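This report concerns only the one structure given below.
The values are calculated or read from the model by the stated rules, or taken from the named source; none is laboratory data. Keep in mind it's a predicted model, so treat the numbers as computed, not measured. Here the Cβ is made from the backbone with ideal geometry for all residues, glycine too, and neighbour counts use every protein chain on show. The accessibility values were calculated without ligands, DNA or RNA, using every heavy atom of the protein model including side chains. Shrake-Rupley method; radii C 1.70, N 1.55, O 1.52, S 1.80 Å.
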Amino acid sequence: MCRHVGYLGPAVALSDLLLEPEHSLLEQTWAPADMRGGGTINADGFGVGWYRADGSTARYRAAVPMWTDQSFLETAREVRSGAVVAAVRSATVGMPVVPGACAPFTDGARLFSHNGRITGWPDSVAKLAAKLDVVDLLTLEAATDSALLWSVLRQRVLDGADPEAAVPELVGEVVAAAPDSRMNLLFSDGARLVATTWTHSLWVRREPAAVTVASEPFGPRAGWREVPDRSLVVADVRDIEVRPLAGMGE
Ligand code: GLN
């Protein structure tokens, strides 16, 4: 299953965050250490979203293995940011391999990634899809579970929902409709990271004035803490809160 990373803290070069560390996201593209529930490598594409100093976002995505994209590998040395969400993708069987299927998804000021799959797709989530209006459905970036999840979450957040409530609520709805789904979500508004664990690995790292959330730890091992399964993580540069996702999927 895909691997993702969220970072908030002092501005870093994308290459220092994603390419250079031991067992970096780049290495997790061909040698992930903890793939649960299928998939061996994450070579169906990748994406990196980052915040500029004015709070707006930029994004780079491609439906190729990250290690083959020389232009990205070079450009990553030149781009610096203090808030980043990045992902490498192992497409779920039957889902298209296109740039629009690569996380992070965005609406401009927010970034979102999904590590996992919805079982019984798409029938199992017909009710959830019906909550979207027709235009949202027709303009989904890709016919994938992750793109649908983003469309639903995005709408709710734009309507004023607090992501700290909307993210776990979405996990609850999906696992009720489609048990055995894998729902590690990662959302950022540039100031906080909101993430869930639901059957996939997730780690958090605190450094002075920085926080990182990642499917697999990278760089020096000191400071990384594994997040228990079925948890909600809410983190900013000062604090990391991990709460159990109670009362779901029973
Ligand atoms: N199901 C999603 C997709 O195909 C995410 C895949 C994953 O986590 N491996 O894009």
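Annotations
- Point-charge dipole on Cβ atoms (K/R +1, D/E -1) for the stretch 3-244, about Cα centre, debye to 20: 140 debye
- Heavy atoms of the protein chains alone define the surface here; on that basis the stretch 112-250 has 42 Å² accessible area per residue at 1.4 Å probe size.
- Phi angles of the stretch 93-100 translate, via the Karplus equation with coefficients 6.51, -1.76, 1.60 and θ = phi - 60°, into HN-Hα couplings of 3, x, 9, x, 9, 9, x, x Hz per residue; Gly and Pro are given as x.
- Karplus (6.51, -1.76, 1.60) ³J(HN,Hα), θ = phi - 60°, over the stretch 217-222, in Hz, Gly and Pro reported as x: x, 9, x, x, 5, 4
- Dipole orientation for the stretch 3-244: of the candidates VAL48, LEU149, PRO244, PRO244 has the Cα lying most toward the positive pole (charges on Cβ; Lys, Arg +1; Asp, Glu -1).
- The chain - percent of accessible surface contributed by carbon and sulfur, probe 1.4 Å: 54 percent
- Summed over the residues of the stretch 1-83 and divided among them, the accessible surface reaches 42 Å² per residue at a probe radius of 1.4 Å.
- Hypothetical label at ASP159: residues of the stretch 108-140 whose amide nitrogen lies under 12 Å (7 Å Cα-Cβ projection): 130-133
- Just so you know, the Cα atoms of the stretch 92-190 work out to an Rg and Dmax of 12.4, 34 Å.
- Those residues of the stretch 214-230 whose amide nitrogen sits under 19 Å from the label point placed on LEU73, 7 Å along Cα→Cβ: 219
- Think of the chain as having a plus end and a minus end, set by charges on the Cβ of Lys, Arg, Asp and Glu; of LEU170, TYR7, ALA129, TYR7 sits farthest toward the positive end of this dipole.
- Compactness of the stretch 12-122, taken as the C-alpha radius of gyration over 2.2 N^0.38 Å, stands at 1.05.
- Whole-number D in µm²/s for the stretch 14-79 (Stokes-Einstein; Kirkwood sum over Cα pairs; 4 °C, 1.567 mPa s): 101 µm²/s
- Shape category assigned to the stretch 159-204 from the gyration tensor of Cα positions, a/c cut at 1.5: oblate
- Note that the chain carries a Kirkwood radius of 17.7 Å, evaluated over its alpha carbons pair by pair.
- Kirkwood hydrodynamic radius of the stretch 131-240, Cα pairs, Å: 15.1 Å
- Rel. contact order, % - alpha carbon contacts under 8 angstrom, at least six apart, the chain: 22 percent
- Spacing of the two label points (7 Å from each Cα toward its C-beta) at VAL134 and ALA53, in nm: 4.7 nm
- Over the chain, DSSP H runs of length four or greater, each weighted -39,500 (n - 2.57), average out per residue to a 222 nm ellipticity of -6000 deg cm²/dmol.
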